[in-house]
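Structure record follows, encoded as structure tokens.
The values are calculated or read from the model by the stated rules, or taken from the named source; none is laboratory data. Only a predicted model underlies this, so the values are computations on that prediction, with no experimental measurement involved. Don't worry about glycine lacking a Cβ; one is built from the backbone with ideal geometry, like all the others, and counts go over all protein chains shown.
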């Protein structure tokens, strides 16, 4: 019982009853009395009993299946079982014959303990009615389902009473027509069906404890077979010895008591040892778990120390790298400024320079200026990546207009910029937001077709606590294959255009540092729609 799942037990009990019912019905249809009366004592299992057994077995098997149609069929067969049992029980109490006893077969044998030919005895008819009702309740998730174990135990008790009577030869327990008449195979199949029902409702006691993985379940599984088998075996031996004249009744009683005491003491010791081994295994498992937790805690402490140490080293390296980048940028920009200045002075002071020489000086000044811008943008990107920031609420409704007023290239004489109210309050950083929107608005003004006046619209959408700010322009647009690449370092759509190719990379970096996202929707020659998503700082209507 410890190794097999409870469903296998239910299936086994139900199949045993089903096979017994089919064999018995076959015996009646084929005129084979031995299949209807196992002991040949004139008390047979009647056709109605066989049909009720088959129906109840099918109901038990279908109850195990999880499908809806199986539950419906299970309830149908259970109803048939209950109707058969209830009809026969009505005949017993009313002393009427409603004609169902010989409806299928003319019962010519096995009527020794029946009040009428083919009539099922009161124990079996009552048991089938209880089993049918219990199966109907078990096939539905009703509150009354909890009484199914009680009904199953009642049927099992009736069957065990009859089987015990057969075992000890006590005719009063199985051969009194009006009260206890029942065939041996009927009692056996009722016991199997009662146990199948009991196992099928495993969420209730006693099945729950019997199959659970606990000390109580272990004790129940070990003790139950012995509690049932030992009294039956010892009682049978007592009767056989008494009938053989080996001892009288008092001596037999003494032997039975002593045997029960010795056997149950040994059995109790056996169960105690099993529980002790289980408890020891549980203690060992707890100790292993405690040791594992200690080791895990030790490893976690070491890991935290290692992470902290490496983080400190990494921060130190980052600080050194930042300092180095600032130093290199400063040292590089000084010679560049000197190159640009002296080239300009050379072009202005030396009047006899040829046009070619003057062009060379202009190229030197332009290259120095571009390299200076590139160094500045690289420094901005480094700051965006490494600088510690704190996010705070920023009101874009005032921030963006102020930003537009600050940059000359964004003024009315250079572009038409409209702002659609309202703009939200978002979590951000003033310096990073300035870099972000200054780059996006500057690009919208810069990259337009020749002879076209830039038109830019700034608006916002709020959804699920996130604000998406749109910057829409009428520029040259961006091909679909380049819309992701433009946010990379040193990427330009047209090498001939001015700029360093770092501006949009800075935009993405600062937006990511503010826990946001940036993207673009665009088509060539139809403008671009850049968007920036940031968390909303205050509760706002979408």
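Here are some notes:
- Of the residues making up the range 399-415, those that are touching a helix residue (DSSP H, G or I) at 6+ places or on another chain (Cβ under 7 Å) and in a helix (DSSP H, G or I) are 399, 400, 403, 404, 409, 410.
- Options 504, 440; residue that is closer than 20 Å to residue 405 by Cα, surrounded by 20 or more Cβ atoms within 10 Å (Cβ to Cβ), modelled with pLDDT of 80 or more and in the same structural domain as residue 411 (by TED's automatic domain parsing): 440
- Any hit, the range 167-188, residues being within 15 Å of residue 81 (Cβ to Cβ) and touching a residue at least 60 places away in the same chain (Cβ under 8 Å): yes
- Check on residue 153, in a helix (DSSP H, G or I), in the same structural domain as residue 54 (by TED's automatic domain parsing), surrounded by 18 or more Cβ atoms within 10 Å (Cβ to Cβ) and touching a residue at least 24 places away in the same chain (Cβ under 8 Å): no
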